[in-house]
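The structure appears below as structure tokens.
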Amino acid sequence: MGGYNLPIGSVEPKSLALGVDWLILAFLGSTLIFTALEKIFPKYKKQVILRDEWGLDFFYFCFNHLLISAVLLVGNFLVSQSQWIMNSNLHNLVQSLPLAVQVFILLICADFVLYWEHRIFHDIPRLWPFHAVHHSVETLDWLAGSRSHVSQVFIERSLVMLCLYYIGATQAALDIYVTIAALQAIVIHCNLGFDWGILKYLIVTPQYHHWHHSSEQPAIDTNYAAHTPLFDRLFKTYHMPSKHWPAEYGTTKRLPRNFVGQLLYPFTGYRK
Ligand SMILES: [Zn+2]
């Protein structure tokens, strides 16, 4: 925004900083791309951009983006404490593979970790209130996926970072994986009625993940995967009616409708 003549100095790496630059870029980029897609290929045509609780999810978007360097610090700490499980032979083997194969391996391995992390948050009653915050959204769009309890953000990102480091792919493969994962995490929450054709059986699409957010049986506790339906099929949690979409979204028990209430919900609401 300073014009192309503005001199740009070097950016010094810092150990802990608020990710304001990351927040602004992510917000501008995401708004531009995903609201345009939602307007061109909407599933729910009457859904408006500034829908109910838009402000709450925008706050989550900002909060979780500003935490980026803290999340990275925790992830790096976890990796530094886990060097004993790292295997340089595995790293050499993976790095000798073609780039596309490396990305495929990263997607499948991260999906396995995300599947079980996600399923454990659903299956263990003491953990569910943390994840229920993410499920409390009742209108899904590109911003809805931002709603996550801060503790789950740390746990999820750290586990995936550990998995990625363990595999030891090249930097290029990691960059491609992270880009795909970040875009897919937003797309699957979008209000997108786009026909994915054969891809709907190979990757997690908006329809697939919308079923995960349904508050009706038999969709409850299904479709945990983040990237491909593979592990949901393998572990019998796959639910994908070919044409239908959910009628109801959210949790069966309503959560507080504000950030602080939801932050405390796993500690206060659970006891009630
Ligand atoms: Zn879930």
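The values are calculated or read from the model by the stated rules, or taken from the named source; none is laboratory data. Keep in mind it's a predicted model, so treat the numbers as computed, not measured. For neighbour counting, all protein chains shown are included, and Cβ atoms are generated from backbone atoms with ideal geometry for every residue, glycine included. Heads up: the accessible areas ignore ligands, DNA and RNA and are worked out on the full protein's heavy atoms, side chains in. Shrake-Rupley method; radii C 1.70, N 1.55, O 1.52, S 1.80 Å.
Structure summary
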| quantity | calculated |
| --- | --- |
| Residues satisfying the stated conditions in segment 5-46, i.e. surrounded by 14 or more Cβ atoms within 10 Å (Cβ to Cβ), small (Gly, Ala, Ser) and at pLDDT 80 or above | ALA26, SER30 |
| Single condition VAL178 does not satisfy, out of (1) of a type in the set (A, V, I, L, M, F, W, C); (2) open to solvent by 40 Å² or more (accessible area, probe 1.4 Å); (3) over 19 Å from the mean Cα position of the chain (by Cα) | (3) |
| ASP21 vs. criteria charged (D, E, K, R) and either over 21 Å from the mean Cα position of the chain (by Cα) or not in a helix (DSSP H, G or I) (or both) | no |
| Cβ-Cβ under 7 Å pairs, at least 6 apart or on other chains, segment 204-230 side among the basic types (Lys, Arg), far side open to solvent by less than 10 Å² (accessible area, probe 1.4 Å) and part of a loop (DSSP other than H, G, I, E, B) | none |
| Members of segment 160-175 that are among the polar types (S, T, N, Q) and either open to solvent by less than 20 Å² (accessible area, probe 1.4 Å) or in contact with a Leu (Cβ under 9 Å, 6 or more places away or on another chain) (or both) | THR170 |
| Condition check for ALA225: within 13 Å of the ligand (Cβ to nearest atom) and under 14 Å from ILE188 (Cβ atoms) | yes |
| Residue count, segment 79-93 (criterion: part of a helix (DSSP H, G or I) and either modelled with pLDDT of 95 or more or surrounded by fewer than 16 Cβ atoms within 10 Å (Cβ to Cβ) (or both)) | 9 |
| Looking only at segment 197-222, and only at residues there that are open to solvent by 20 Å² or more (accessible area, probe 1.4 Å), closer than 26 Å to VAL178 by Cα and of a type in the set (A, V, I, L, M), the one that is farthest from the ligand (Cβ to nearest atom) | ILE198 |
| Tally of residues being within 15 Å of the ligand (Cβ to nearest atom) and of a type in the set (S, T, N, Q) across segment 228-241 | 1 |
| Odd one out for ALA169, checked against (1) within 30 Å of LEU263 (Cβ to Cβ); (2) in contact with a helix residue (DSSP H, G or I) (Cβ under 6 Å, 6 or more places away or on another chain) | (1) |
| Test: residue in segment 47-66 that is open to solvent by 50 Å² or more (accessible area, probe 1.4 Å), farther than 25 Å from ALA132 by Cα, touching a residue at least 24 places away in the same chain (Cβ under 8 Å) and not aromatic (Phe, Trp, Tyr) | no |
| Residues satisfying the stated conditions in segment 94-145, i.e. open to solvent by less than 20 Å² (accessible area, probe 1.4 Å) and away from the ligand (no atom under 13 Å from the Cβ) | VAL94, GLN102, VAL103, LEU106, ALA110, ASP111, ASP141, TRP142, LEU143 |
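Matching residues to (1) part of a helix (DSSP H, G or I); (2) more than 16 Å from the chain's Cα centre (by Cα):
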| position | (1), (2) |
| --- | --- |
| ILE198 | yes, yes |
| GLU216 | no, yes |
| ILE220 | no, yes |
| ALA225 | no, no |
